[in-house]
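Below is one structure; the comments refer to it alone.
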Amino acid sequence: MVGNTSWRALWLVCALSACGSAAGQAAWPPVGEPTQAARTPGRWLWVDLVTADAAKSRDFYGALFGWDIRNVAGDAGKPAYLTITANGQRIGGIVQSRNATAGARWIGLASGDPRVVAERAVQHGGKVIVAPRTLAGRGEFALIADPAGAHFGVVLAERGDPADRLGGRNEWLWTELWAPDPAAAADFYRAVLGYSTAPARSSAADAYVLSAGGRARAGVMRSPDPALPEVWIPYVRVDDVTAVVARAQGLGARVLVPTRAHHRSQFAVLADPQGAPFAVADWRPQP
C-alpha cells in the first residue's frame, strides 16, 4: 500500500509539528543555496520525505544514490530533520513523523506565494492542510491537498530560490502526478499555480505537461494502478536504470512500474521500503 488518504493529512501535520517543536527555530534549512534567481511560481525547488523511520529512510537512500544525508535537528538523539546533499548541492530533506506506522511520502515544494496559492486551492476544490506560516530559515510555507488528495508544498523562500538548472546524476530530474482524472488535475494546477498546460507528446492517453517560466516543470498522467491514491512522484536522474532498480530491490524496494523506454530514455517507478513512491530515469538531452 502506498498510503491511505484518511490518515495522511494528520500524519503530515504531526510531522511538521514534530520537526518544529523538537528542533526549535533552526529546524528548517533553506531550499538550496541562496541565489538571485528570479522567482518562477510553479518551479519545484525542493523535495521532503516524510517518513515513520527517518533512520531507515536515510540508510536506504544513502545506499541507493550515494546521497550525503545528515541530521540537522533532533531530540534526545532521534532525528527530526535531515538534509539530502547530492554533488555538493542540497536537494531535499527527510522529516521524522511522530506516527510510527504511517509509512512514507515524498512532498515537493513549489515556488510561490503560499497565501495566494492556499486561497486559490480552496476556491478550486483543494484543501489547506497546513495554513501559511513562517518556518524559520526557510521562509513562508503552506501545505496543500488537491481535490483528489495529492499533497504539495508552496514556499516563498526566505533567502531566494536556488538556481534554475537541470539536475545532474542522482539529483531530481522531473516530477509527475499520477491522477485518476488527469484533465481535471491539470486544470486545478493551472488555476492554482499558474501553469500553462498542454497534452504530452506520448502514447499515453490523458497525459499533460505543466510549464512555467518558459520550461516544462511537471507532468500529469493517469495512474497505471487504480488502487493507488493520487500522488506526486519525484524522478531521480541515474546512469543505468536497470542497475539502480536491481540495487533498490536488494535494499527492500518494490517495483511499481517496471523499466520501460520513453523518449530515447528509460525509467522505472519504485516504492521504497517505507512505501514512498519515487522514480528513476536515465534521461538524455536531444543531440
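Derivation of every value follows stated rules applied to the coordinates shown; laboratory data play no part. Everything numeric in this text was worked out from a predicted model, so none of it was measured. Heads up, the Cβs are rebuilt from the backbone with ideal geometry, glycines too, and the neighbour counts pull from every protein chain shown.
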Inset, instruction - Only loop residues by DSSP count here, and only those with at most 14 other Cβ atoms within 10 Å; note down the trypsin sites (Lys or Arg not before Pro) in segment 206-287 that meet that. - result: Arg264
Inset, instruction - Could you tell me what % of all Cα pairs in segment 172-281 have separations over 20 Å? - result: 40 percent
Inset, instruction - Can you quote the Å³ per residue value for the convex hull of the Cα atoms in segment 91-131, rounded to an integer? - result: 103 Å³
